Amino acid sequence: MRIGQLAEATGASPRALRHYEEAGLLDSARTPNGYRVYEAERAVVRVRNIRFLLDAGLTLDDVRVFLPCLDGDIAATKPSGEGLRVVLDRLAVIDRRIAAQTAVRDRLAAQLRQATGGRVRPVA
């Protein structure tokens, strides 16, 4: 399967697929003319699992921890201790970002109320 076919089968762009390969998450062989060739079924499963983890909020570095599981049904697989640690760490990062953004929002809303005498309320 060539990169365009894998992209079409998974919804990932060819650029993303090359990025996954550079990150060590996806393997390909090369044809004599330099085209990337992937093992069809295995590559489709792996890319879908990578996208599942990225969509869940993990980074490519985080996804590396799940490398041994990427060729199976990752959503149904019980996470390892290291996998749980990665997810908990990512949640902590997200919680800190949410707290920081909430603080900024609250400061802006307070400034808006002060500047307008409370006539203009921020949209929630």
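The values are calculated or read from the model by the stated rules, or taken from the named source; none is laboratory data. What you see is a predicted model, and the numbers here were worked out from it, not measured in a lab. Cβ atoms come from the backbone with ideal geometry, glycine included; neighbour counts cover every protein chain shown.
Within the stretch 14-48, the residues that satisfy the criterion of being more than 22 Å from ASP73 (Cα to Cα) and touching a helix residue (DSSP H, G or I) at 6+ places or on another chain (Cβ under 7 Å) are PRO14, ARG36. Taken together, VAL104, VAL87 contain a single residue that is farther than 26 Å from MET1 by Cα and at pLDDT below 95, which is VAL87. Going by the structure shown, is ILE74 buried (at least 17 other Cβ atoms within 10 Å of the Cβ), over 18 Å from the mean Cα position of the chain (by Cα) and among the hydrophobic types (A, V, I, L, M, F, W, C)? For ILE74, the condition - buried (at least 17 other Cβ atoms within 10 Å of the Cβ), over 18 Å from the mean Cα position of the chain (by Cα) and among the hydrophobic types (A, V, I, L, M, F, W, C) - is not met. Listed by first and then second residue, the pairs linking a residue in the stretch 94-106 that is free of Cβ contacts under 8 Å to residues at least 24 places away in the same chain to a residue that is outside any helix (DSSP H, G or I), with Cβ atoms under 9 Å apart and 6 or more places separating them unless they lie on different chains, are ARG105/PRO122.
Residues in the stretch 58-84 that are modelled with pLDDT of 90 or more, out of contact with any helix residue (DSSP H, G or I) (no Cβ under 9 Å at 6 or more places or on another chain) and hydrophobic (A, V, I, L, M, F, W, C): 2 in all.
Each row is one residue, and each column tells you yes or no for (1) buried (at least 17 other Cβ atoms within 10 Å of the Cβ); (2) over 17 Å from the mean Cα position of the chain (by Cα).
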position	(1), (2)
TYR35	no, yes
TYR38	yes, yes
ASN49	yes, no
THR59	no, no
VAL65	yes, no
LYS78	no, yes
GLU82	no, yes
LEU91	no, no
ILE94	no, no
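Residue selection: ALA12 fails the criterion of being small (Gly, Ala, Ser), at pLDDT 95 or above and part of a helix (DSSP H, G or I).
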